[in-house]
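Input: a single structure, listed below in structure tokens.
The values are calculated or read from the model by the stated rules, or taken from the named source; none is laboratory data. Fair warning: this is a prediction, and the values are worked out from it, not measured in the lab. Don't worry about glycine lacking a Cβ; one is built from the backbone with ideal geometry, like all the others, and counts go over all protein chains shown. For accessibility, only protein heavy atoms count, side chains too; no ligands or nucleic acids. Shrake-Rupley method; radii C 1.70, N 1.55, O 1.52, S 1.80 Å.
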Amino acid sequence: MPDMQQIPQALSDIVELVAPGSESTQRRLAEAIAGRELADSWAPSGALMDALYPESGSLHEAGMAYCEMNFDPAMIRDDLVELPACPTALDWDWLNEFDDDWDPEEIENFLWPLAARCRELGSALIILDAGSDGYGIGFISADHIDRIVELARIANCDLRVVHSGIETFLV
């Protein structure tokens, strides 16, 4: 059982790693925490998603993009490139291998190569399962992988770093 008193601080620390220095994101987190009972199983992940993906959908102030389960790789890319933390040198030419026969249940075929490319650029790809018909996806500095994994454990949220060959359990 997670320590309920540590969850808000762990969530705040996660927000700072994903959207460094963003006062609006921290404000949204405080509002999301105030409106939830954090002991509920999906509440910490939901609060984190509410903070990192603004209701307005404006990604220039977001830490994560929200992807519905049926989004194809091009749709996901279009949102990811708008995130402030998206590695500017990230090459998307490999996306051409995905055709019109995209099966959303094969999401790892997209996420694993993307994660590998991010790692080469000093970033890590992260996903947040908020218990709905979609998920959050974003980036952090690869230097913070161990820290974000520990914070996610403390916060009792389903935030994971994507590693090639390791199932994401999104579908």
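The fraction of accessible area contributed by carbon and sulfur in the chain is 46 percent, rounded to a whole number (1.4 Å probe; ligands and nucleic acids excluded). Note on the stretch 122-160 and the stretch 18-74: Cα centroid distance 12 Å, given to the nearest whole angstrom.
Accessible area per residue for the stretch 34-142 is 46 Å², calculated with a 1.4 Å probe on protein heavy atoms, without ligands, DNA or RNA. Taking amide H as placed 1.01 Å from N in the peptide plane, Val162 has its amide H under 5 Å from the amide H of Leu125, Ile126, Ile127, each at least 5 places away in sequence or on another chain.
Within a Cβ distance under 14 Å of Leu83, other residues only, what is the Lys/Arg minus Asp/Glu net charge?
-3
Placing unit charges on each Cβ (+1 for Lys and Arg, -1 for Asp and Glu) gives the chain a dipole about its Cα centre, and among Ala130, Met75, Ala39 the Cα reaching farthest toward its positive end belongs to Ala39. Computed from point charges on the beta carbon alone (+1 for Lys and Arg, -1 for Asp and Glu), the dipole magnitude for the chain about its Cα centre is near 820 Debye.
What the phi angles of the stretch 85-96 give under the Karplus curve with 6.51, -1.76 and 1.60, with θ = phi - 60°, is a coupling list of 8, 5, x, 5, 8, 5, 8, 10, 4, 5, 5, 4 Hz, glycine and proline written as x. Helical content alone sets the calculated 222 nm signal of the chain at -11500 deg cm²/dmol, taking -39,500 (n - 2.57) per DSSP H segment of four or more residues and averaging over every residue. If you wrap the Cα atoms of the stretch 13-171 in a convex hull and average its projected area over all directions, you get 8.8 nm². Each of the peptides 140-148, 9-17 was scored by the mean count of other Cβ atoms within 10 Å over its residues; in descending order, highest first, they stand as 9-17, 140-148.
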